[in-house]
1. Out of all the residues in the stretch 61-71, is one or more assigned to a loop (DSSP other than H, G, I, E, B), over 15 Å from the mean Cα position of the chain (by Cα) and modelled with pLDDT under 95?
2. Any idea which residue in the stretch 26-37 is surrounded by the fewest Cβ atoms within 10 Å (Cβ to Cβ), counting only those that are among the polar types (S, T, N, Q) and over 17 Å from LYS11 (Cβ atoms)?
3. Name the residues in the stretch 35-63 that are of a type in the set (A, V, I, L, M, F, W, C) and within 20 Å of PRO115 (Cα to Cα), would you?
4. Scan the stretch 21-46 and report the pairs whose first residue is more than 18 Å from VAL65 (Cα to Cα) and whose second residue is among the β-branched types (Val, Ile, Thr) and part of a helix (DSSP H, G or I), with Cβ atoms within less than 7 Å and a gap of 6+ or a chain change.
5. Of everything in the stretch 100-118 that's buried (at least 18 other Cβ atoms within 10 Å of the Cβ) and in a helix (DSSP H, G or I), which residue is modelled with the highest pLDDT?
6. So, in the stretch 134-184, exactly how many residues are modelled with pLDDT of 75 or more, open to solvent by 50 Å² or more (accessible area, probe 1.4 Å) and not in a helix (DSSP H, G or I)?
7. Condition first: part of a helix (DSSP H, G or I), modelled with pLDDT under 90 and polar (S, T, N, Q). Can you find one or more residues in the stretch 7-17 that meet it?
8. Within the stretch 75-97, is even one residue surrounded by fewer than 19 Cβ atoms within 10 Å (Cβ to Cβ), modelled with pLDDT under 85 and outside any helix (DSSP H, G or I)?
Amino acid sequence: MRESHHALSPKQIEIADAALKIVGERGISALTTASLAQELGVSSGAPFRHFESRDEILEAAVQRVAEMVGDTYPKIALPPMERLEALFLARVHTVGKQVGVARFIFSEQFALALPPAAAEQMLDLVRDTRAFVLRALQEGIECGEIRRDLPPKALLPIVLGTLQHLVFLNALPPGLGNTPKATEIFASLLPPGP
């Protein structure tokens with residue numbers, strides 16, 4: 001929901017996406033000059049024609065994560081339950097299909113290994129998601145779409161934890177995860193029937 005720091009060139013995007021792939025498949029410690037060059041099919045110095053340091057590459061990778069995740073926010077005009085479901089489906093699709101994105105978002109180790117500006121950008125991403133979900137929950141309770149017996153702040157960790165779990169299941173190789181449908185999960189938020 002926040003804007004990126006600056007526009008990345010197509011080559012910087014390619015390098016940042018290669019870094020995300022390496023981090024997703026092998027971890028942040030595997031992101032070396034040699035592994036990045038190998039992933040890109042270039043000489044070891046080539047990425048540094050576009051970035052001054054590994055930290056700048058990590059910052060660009062976080063910027064890519066923020067852009068990808070930022071594109072998953074549905075229109076605020078949607079009814080609260082539709083908004084939450086659209087967010088879930090978009091996040092599962094976008095984040096779950098790219099393990100590097102999920103690792104950047106959900107791993108405390110990655111947050112500690114990031115340069116300070118990139119770590120702050122990741123925190124902003126988490127804060128924005130929390131605020132978006134909390135607003136949808138509050139509006140859903142107010143209009144009667146969501147159960148009223150629990151306050152929005154009590155539902156927030158349940159919804160965010162479920163979202164994180166769905167993303168995790170979707171990131172597993174096919175056949176290992178049995179991903180429940182968002183509509184089944186959302187039934188737990190509905191007000192009890194008569």
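The values are calculated or read from the model by the stated rules, or taken from the named source; none is laboratory data. None of these values were measured; they are calculated from a predicted model. A quick note on method: Cβ atoms are made from the backbone with ideal geometry, for glycine too, and the neighbour counts reach across all protein chains shown. Side chains included, ligands, DNA and RNA excluded: accessible areas come from the protein's heavy atoms. Shrake-Rupley method; radii C 1.70, N 1.55, O 1.52, S 1.80 Å.
1. no
2. Among those that are among the polar types (S, T, N, Q) and over 17 Å from LYS11 (Cβ atoms), it is SER29.
3. LEU36, PHE48, PHE51, ILE57, LEU58, ALA60, ALA61, VAL62 - these are the residues of the stretch 35-63 that are of a type in the set (A, V, I, L, M, F, W, C) and within 20 Å of PRO115 (Cα to Cα).
4. ALA30/ILE22; SER35/ILE22; GLU39/ILE22; LEU40/ILE15; SER44/THR33
5. Across the stretch 100-118, the extreme among qualifying residues is ALA118.
6. 7
7. No, because not a single residue in the stretch 7-17 is part of a helix (DSSP H, G or I), modelled with pLDDT under 90 and polar (S, T, N, Q).
8. yes
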